[in-house]
Amino acid sequence: MRSIRSCLCLATLIAQVACDAVVDGKLSFYTSSWENWDENTARWSAYEAPTFSAVFKPETEAELSQGIEYLAKYNIPYLATKPGGHGNVPTLGNYQNVVQINLDNFRHAVMNSDHSITIGGGAKMVDLIPTLHRAGREMTVGSFPCVGVHGVMLGGGMGRLMGRYGLISDALLQAKVALWNGTIVEASEKVNPDLFWGLRGAGHNFGVVLESTYKTWPDEGGLHYNADMVFTDDSLDGVVNTYREIVQDGLDPSLFLILGYMYDADAKKPLLIMNVVYAHNEEKGRRVAGRFASSPKGTAEPITRISFKESNMNFSELGSGKAVPGVCDVNLKNTLYTASTPSLFETGAMKAVYESFGSFVRAHPGANRSILLFEAADGKAVDALPHDYSAYAHRGMMTTNAIIQATWDEDEDGIVAEAANAWGKGARDLLAKPEVSGYDKLHAYVNYANRDEPLAALYGYDEKRQRRLTALKQKYDPHGCFNAYRPLPLDMSGWELPTASGAPQRTRDEL
Ligand SMILES: Cc1cc2nc3c(=O)[nH]c(=O)nc-3n(C[C@H](O)[C@H](O)[C@H](O)COP(=O)(O)OP(=O)(O)OC[C@H]3O[C@@H](n4cnc5c(N)ncnc54)[C@H](O)[C@@H]3O)c2cc1C
């Protein structure tokens, strides 16, 4: 049986629901006996992940709207996602046995005559990036092909070209959104501007985006200088302080830097890596990469570069994720923490985190795919827009983001998960200290967040902004149907809660 298209089958799926409620008996629901169940329900991370009692895989917008209307009518919790969804905030794990609204039939990416691009709600970076490239256009996109465009954009949307073009959401021109009751509305500067504002930074909260349209830019021939380097352990001071000098000198808008800690399982110690990408200018890129070349003997903070690969990549290759193989593998277990700074974190803390990373993985070798990235981009394009331009709350703040990602596979008794969270949280807390980050409070990008950050750290400490967000939640999601992803509170007291709730408003038990 491929699809559940009859009342009878649907009744076994959602036993409490009256059969005659199925709209024309034509909704594409699937149960776990479906031959394609596993590939459709796989997640990038299997840790604290949502689980599904059924998959609703609409083929048309009308069917999607009818399905949501149906689920709403019977108070059935649901989550919009796609195969291999990369969302990792642990509140997603509060969604157990919900209906998956599978957006895999909405992966179109179409260039328009005005050079804007329209993409479907289920599109991944791999759908967006080559389409732009073929048209000789570019925009800020995520760095890996497997990640969903909308999950990224709705939190703001960071990427290698953000120094030039701002956030992915800053390029959004309009979106088509199915609300909690199935009603489809447009959101743009002119139509439902309040929803348009909220979608760009707190957008996981309001509905299912069926389609969205973005401004794009000419790719100027489209080549991007890329350098990948590996250093010895004792280069840590030299590399970190060179990185700091580059950031403090003022990053060029075309430059994107990643300093990474990976783990060398053979040598049983961390690896220090650096990725330099400079858009459209090989010479300038080389100059930056050259600052990380091995230094002469006797240098106070020596750098020993043991591997150096440079190339020029087109826009499509740049987004193909080749730089970090295996990043798109599904069904591993991951927990993420994050902190940010207007410059670079203090060197001693970055060294301490390098040490703690090594200790964590040595004690739990199954976690040897863990990774810690310090990503830096110039903030001028993001800051050029007014602070209240969109719901993204961190303009002018996140020059460098730390992405602390513990990854493991086997863990029958939960010991690795406990250690992974202890390490990740400890590293985040150290990096977020005022004397290390330069901020008196934590500022965290929602798409890299965990569950313990105050909501204000994700969506803004300003009470006026919080009131605006809560009013939007009340207006567009009054029953909390879209509460899976670090949800906004429906009343102001929710901003005071110490940790995230994120439970679906209604559970199957309550039906
Ligand atoms: C390997 C990797 C690389 C990453 N790279 C980047 C990066 O370059 N830049 C960056 O900013 N972030 C990046 N992230 C973080 C990323 O933004 C989040 O993990 C994001 O949630 C992934 O979205 P998704 O659509 O793949 O996931 P999903 O799990 O499908 O969705 C995540 C959330 O978004 C909601 N959602 C998804 N699609 C829609 C839609 N069409 N309408 C309404 N809601 C929707 C879901 O309901 C869910 O709540 C990366 C994460 C990983 C794991």
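A few notes on this one:
- For the residues Ala381, Ala393, the requirement of being under 30 Å from Asp249 (Cβ atoms) and surrounded by 23 or more Cβ atoms within 10 Å (Cβ to Cβ) singles out Ala393.
- Some residue of segment 221-242 being touching a residue at least 12 places away in the same chain (Cβ under 8 Å), within 11 Å of the ligand (Cβ to nearest atom) and either open to solvent by less than 10 Å² (accessible area, probe 1.4 Å) or under 27 Å from Val327 (Cβ atoms) (or both): no
- Only one entry in Leu195, Leu199 is assigned to a helix (DSSP H, G or I), within 13 Å of the ligand (Cβ to nearest atom), surrounded by 24 or more Cβ atoms within 10 Å (Cβ to Cβ) and under 25 Å from the mean Cα position of the chain (by Cα), namely Leu199.
- Those residues of segment 148-162 which are touching a strand residue (DSSP E or B) at 6+ places or on another chain (Cβ under 9 Å), crowded, with 24+ Cβ neighbours inside 10 Å and not in a loop (DSSP other than H, G, I, E, B), in sequence order: Gly148, Val149, His150, Met153, Leu154, Met162
- Among the residues making up segment 158-192, a single one is over 26 Å from Pro218 (Cα atoms) and within 20 Å of the chain's Cα centre (by Cα): Val177.
- In segment 78-90, residue farthest from the ligand (Cβ to nearest atom) [restricted to those that are farther than 10 Å from Pro50 by Cβ and in a loop (DSSP other than H, G, I, E, B)]: Pro83
The values are calculated or read from the model by the stated rules, or taken from the named source; none is laboratory data. Bear in mind the structure is a predicted one, so any value in this text is a computation, not a measurement. A quick note on method: Cβ atoms are made from the backbone with ideal geometry, for glycine too, and the neighbour counts reach across all protein chains shown. Keep in mind that these areas ignore ligands, DNA and RNA; they rest on the heavy atoms of the full protein, side chains included. Shrake-Rupley method; radii C 1.70, N 1.55, O 1.52, S 1.80 Å.
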